[in-house]
1. Three principal axis extents, largest first, for the C-alpha atoms of the range 101-235, in Å?
2. Of LYS45/LYS145; LYS145/LYS250; LYS45/LYS250; LYS22/LYS250; LYS45/LYS257; LYS7/LYS227, which sit over 31 Å apart, Cα to Cα?
3. How would the range 39-175 be classified by its alpha-carbon gyration tensor: rounded, prolate or oblate, with rounded meaning a/c under 1.5 and the a/b versus b/c comparison settling the rest?
4. Considering all alpha-carbon pairs of the chain, what whole percent are spaced by more than 35 angstrom?
5. Of all the accessible heavy-atom surface of the chain, with the other protein chains kept in place and a 1.4 Å probe, what percent is carbon and sulfur?
6. Shape call for the range 146-197 from the C-alpha gyration tensor, a ≥ b ≥ c root eigenvalues: rounded (a/c under 1.5), prolate (a/b greater than b/c) or oblate?
7. Angle check, please: helix 163-176 long axis (alpha carbons) against the longest principal axis of the chain (alpha carbons), in degrees 0 to 90, nearest 10.
8. Would you rank THR195, THR149 by solvent-accessible area, highest first, keeping every protein chain in place and using a 1.4 Å probe?
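The values are calculated or read from the model by the stated rules, or taken from the named source; none is laboratory data. Here the structure is a predicted model, which means the values were calculated and not measured. Cβ placement follows ideal geometry from the backbone for every residue including glycine, while neighbour counts extend to all protein chains displayed. Only protein heavy atoms, including side chains, enter the accessible area calculation; ligands, DNA and RNA are left aside. Shrake-Rupley method; radii C 1.70, N 1.55, O 1.52, S 1.80 Å.
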Amino acid sequence: MQGLAVKIQEAAEFIQSRWATKPRVGLILGTGLGGLAAQIGQSVKIPYGEIPHMPESTVESHAGQLVCGILAGQPIIAMEGRFHYYEGYTMQQVTFPVRVMKALGIEILVVTNAAGGMNHQYQLADVCIIEDHINLMGDNPLRGKNDDTLGPRFPDMCQPYDAGLMELARTTALELGIPHHQAVFSAVTGPNLETRAEYRFLRGMGADLVGMSTVPEVLVAVHAGLKVLGFSIVTDICLPDALEPVELPKILAVAAKGGERLSRLIPKILERLG
Ligand code: HPA
């Protein structure tokens with residue numbers, strides 16, 4: 001086994017020593033979207049710092065932990081807090097937990113984030129079902145020697161987000177009366193927000209949303225053969241000609257409202273996985 005595979009195995013075995021269930025779903029909770037973790041029943045919480053080979057937390061990513069348990073009848077492993085590239089982690093560090101969740105047995109990865117909305121039809125706290133993405137981070141977690149036991153050298157990206165799961169998300173959101181869109185997500189490194197010219201450029205290239213996460217994790221998930229379902233919450237409206245300075249407390253308040261919507265939507269989707 002190569003170095004990365006050994007580390008993945010050691011981290012997975014440690015988690016199994018605390019929680020012996022095989023998870024079906026992995027869930028990454030984005031900024032301000034942690035509320036869902038409280039709904040997980042029979043939960044075992046494992047701080048990231050205790051897990052072998054997990055990246056060390058920076059100040060920004062403090063309260064990080066895995067919440068393992070049952071949600072809507074499905075065994076699930078949720079990441080309360082993620083590792084962001086802008087914090088200084090490498091792409092391999094950012095995506096290490098996805099590898100570990102795959103090793104633990106997940107089949108589906110649900111990713112969530114807070115994002116800027118550039119489509120003029122979007123409103124604050126809207127739920128977006130990510131249908132495709134544009135990687136503008138200038139880096140890639142799959143760069144370097146490929147371990148063929150983890151996935152192929154050249155993973156296909158013609159359908160990174162699972163069509164069946166997207167359809168299930170759409171119909172469920174409609175039924176629950178949750179305002180939602182299907183969106184193209186563009187990923188930048190941050191940590192700064194974009195200039196007006198950058199928002200204009202991103203919109204012009206076909207993106208509805210912009211954020212600082214998710215794409216690395218999705219690339220690794222696809223590489224690992226996982227089905228992916230992605231959600232963004234629109235936390236700020238990024239229309240270049242009507243741009244206002246963003247304030248973090250405002251973003252977090254909007255994320256909380258959107259998070260409440262996801263907290264209703266995601267369990268209902270899990271219930272219907274069959
Ligand atoms: N840009 C980049 N990332 C973001 C934004 C944004 O406007 N809002 C939330 N995350």
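1. 43, 38, 22
2. Listed pairs above 31 Å: LYS45/LYS145; LYS145/LYS250; LYS22/LYS250.
3. Working: a/c = 1.34, a/b = 1.13, b/c = 1.19.
Rounded, because the longest to shortest axis ratio a/c is under 1.5.
4. I get 10 percent for the Cα pairs in the chain exceeding 35 Å.
5. 54
6. oblate
7. Approximately 60 degrees, to the nearest ten.
8. Details: THR195 70, THR149 115 Å².
Result, largest first: THR149, THR195.
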